[in-house]
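In what follows, a single structure is set out as C-alpha cells and then discussed.
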Amino acid sequence: MTTLERLYDRADRGAQWLAAAGVALLMLMTLVLMADISTRRTLNFAILGTIDLTQLAVMLAVFFALPLAFLHDSHVNVDFFTSRLPPRALAALNCAVALLSTALLAAIVWFSLGQARIQFAQGDKSMTLGIPMLVYWVPMLLGTALSVLAALLVASLPGLLCLREIRKRERM
C-alpha cells in the first residue's frame, strides 16, 4: 500500500466518523423535534428553540457528510458517456473533475468566510435562542474546507482511481 493510499484510508475513516457524527446529531434533533410536537399536542407545552436547533443539526449533517461524498465519488452524475471510456481516460477525467471541484470548493470557502465575518461583525444571532450565526457558519466552513482537501486528495490519486474503476467494472 502506497503512502497516498494510506492517506486516503485515514481520510476516509475520518470522513466516515465526521459524517456519522453529523447524522447522529440530526437523529438526536429529530427526537427532540418529535418530543416538541408531542408535548405541544398533549401537554400544550413547546420546547423552546427547536427550529434553531434543527437548522443547526441540518447544517452539521449536510456539511459533515460532504467530505465523505467527495472521497467516495457519491455525487449524482450522468455516466452514459464516461462509462464507455477506457480506465486510464476515465481516471484522467476524474482527476480533472476533482481539480475543478477543488477550485470551486476553495472559492466557496473563501467567499463564505467573508460572509461569515460580516455576520460575526454585525453580531447576528438566531431568532429564538440567540445562537450567534457564526455557530451556523462553522460546520459549513469546516465541511467545505475538508471537502477541498478530500477533492485534492482524490485528484492526486489518478492511479488509485483507475484501479477502483477497473475493480468496479470487474464486479459488474
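Structure summary
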| read-out | value |
| --- | --- |
| Every residue from region 1-39 that is touching a residue at least 24 places away in the same chain (Cβ under 8 Å), under 25 Å from residue 53 (Cβ atoms) and among the hydrophobic types (A, V, I, L, M, F, W, C) | 15, 18, 19, 21, 23, 25, 26, 28, 29 |
| Unique match (being under 21 Å from residue 139 (Cα atoms) and of a type in the set (Asp, Glu)) among 52, 36 | 52 |
| Selected residue [among the aromatic types (Phe, Trp, Tyr) and over 30 Å from residue 31 (Cα atoms)] from 70, 81, 64 | 81 |
| Residues (in contact with a Pro (Cβ under 6 Å, 6 or more places away or on another chain) and either on the phi > 0 side of the Ramachandran plot or buried (at least 21 other Cβ atoms within 10 Å of the Cβ) (or both)) located in region 59-85 | 60, 63 |
| Within region 68-95, considering residues that are within 21 Å of the chain's Cα centre (by Cα) and of a type in the set (Val, Ile, Thr), the one modelled with the highest pLDDT | 76 |
| Which numbered condition residue 23 misses (of (1) surrounded by fewer than 18 Cβ atoms within 10 Å (Cβ to Cβ); (2) over 25 Å from residue 154 (Cβ atoms)) | (2) |
| Given (1) of a type outside the set (D, E, K, R); (2) over 22 Å from residue 2 (Cα atoms); (3) assigned to a helix (DSSP H, G or I), index of the condition residue 150 fails | (2) |
| Top-ranked residue of region 86-115 - restricted to ones that are surrounded by fewer than 17 Cβ atoms within 10 Å (Cβ to Cβ) and polar (S, T, N, Q), ranked as farthest from residue 154 (Cα to Cα) | 115 |
| Residues of region 116-133 classified as exposed (fewer than 13 other Cβ atoms within 10 Å of the Cβ), assigned to a helix (DSSP H, G or I) and either in contact (Cβ under 8 Å) with a residue 60 or more places away in the chain or of a type in the set (Gly, Ala, Ser) (or both), total | 1 |
| Leading residue by the ranking (nearest to residue 63 (Cα to Cα)) among those in region 120-172 that are at pLDDT 85 or above and among the β-branched types (Val, Ile, Thr) | 144 |
| Residue list for region 31-48, restricted to those being more than 18 Å from residue 128 (Cβ to Cβ) and surrounded by 12 or more Cβ atoms within 10 Å (Cβ to Cβ) | 38 |
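The values are calculated or read from the model by the stated rules, or taken from the named source; none is laboratory data. In this text, all values refer to a predicted model and were calculated from it rather than measured experimentally. Counting neighbours? That spans all protein chains shown, and the Cβs are built from the backbone with ideal geometry, glycine included.
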